[in-house]
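Okay, structure first, notes after.
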Amino acid sequence: MPFTMAPLHLPPRVTVTLEAPRGTFTKRRADGSLDFVSPLPSPFNYGYLEGTVAPDGDPLDAIVLGPRRRLGERIDTEVLAVYGFLDRGQLDPKLVCGPPPLRAVDRRAVERFFWAYERLKRVIQRMRGQSEPTRALGWLPFTTRGSS
């Protein structure tokens, strides 16, 4: 059954604080604590938007396309798309950011990443005794408004 929701309303530019640079094996939470260690390196820079709260209660997540950046770096970037993810039964949308346009090759890379991430998260959750649903939902609608 496909997941549907109202479009997210986002500014065209956001500032992403980087918590997992491209090529790293560890993912940390916004508070700096270790979330998990991946068997594969992250293909994207992964971070969050300070001062936001996603439906799962954590800051809104974002990936930043392009070359590896520094841990903790704050990156002013454009919002290109939103990818839906359900994490332990909670909607956890991921902003896809970087220089426009969002190329087909980047879209496929994001889809493959979240397909693999879904499976990894399920294994981790089973090990933690968590049974809530986790799955990649696909591309979500969004609109941009004003400036950031």
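With respect to G72, is the statement that it is at pLDDT 90 or above and over 25 Å from V105 (Cβ atoms) true?
Values: at pLDDT 90 or above: yes; over 25 Å from V105 (Cβ atoms): yes.
So G72 fits the description; yes.
When each of L140, L120, L95 is tested for being more than 20 Å from V16 (Cα to Cα) and in contact (Cβ under 8 Å) with a residue 24 or more places away in the chain, the lone residue that passes is L120.
Is it the case that Q90 is open to solvent by 50 Å² or more (accessible area, probe 1.4 Å) and of a type in the set (S, T, N, Q)? So Q90 fits the description; yes.
Within the range 49-69, the residues that satisfy the criterion of being crowded, with 21+ Cβ neighbours inside 10 Å and at pLDDT below 95 are L49, L60, D61.
Test G47 against the criterion of being of a type outside the set (A, V, I, L, M), over 20 Å from K121 (Cβ atoms) and touching a Ser or Thr at 6+ places or on another chain (Cβ under 8 Å), and give yes or no.
Numbers: of a type outside the set (A, V, I, L, M): yes; over 20 Å from K121 (Cβ atoms): no; touching a Ser or Thr at 6+ places or on another chain (Cβ under 8 Å): yes.
No.
Here the range 108-138 is the region considered, the condition is being among the acidic types (D, E) and open to solvent by 50 Å² or more (accessible area, probe 1.4 Å), and the residue that is nearest to G89 (Cα to Cα) is E132.
Answer yes or no: is there a residue in the range 3-18 that is without any contact (Cβ under 8 Å) to a residue 60 or more places away in the chain, open to solvent by less than 50 Å² (accessible area, probe 1.4 Å) and outside any strand (DSSP E or B). No, there is no match, as no residue in the range 3-18 is without any contact (Cβ under 8 Å) to a residue 60 or more places away in the chain, open to solvent by less than 50 Å² (accessible area, probe 1.4 Å) and outside any strand (DSSP E or B). So which strands (runs of 3 or more DSSP E) are wholly in the range 23-141 and hold at least 3 residues that are under 26 Å from P11 (Cβ atoms) and not hydrophobic (A, V, I, L, M, F, W, C)? Result: 45-48, 74-87.
The values are calculated or read from the model by the stated rules, or taken from the named source; none is laboratory data. The structure displayed is predicted, hence computed values, not measured ones. In this analysis, Cβ positions are derived from the backbone assuming ideal geometry, glycine residues included, and neighbour counts consider all displayed protein chains. For accessibility, only protein heavy atoms count, side chains too; no ligands or nucleic acids. Shrake-Rupley method; radii C 1.70, N 1.55, O 1.52, S 1.80 Å.
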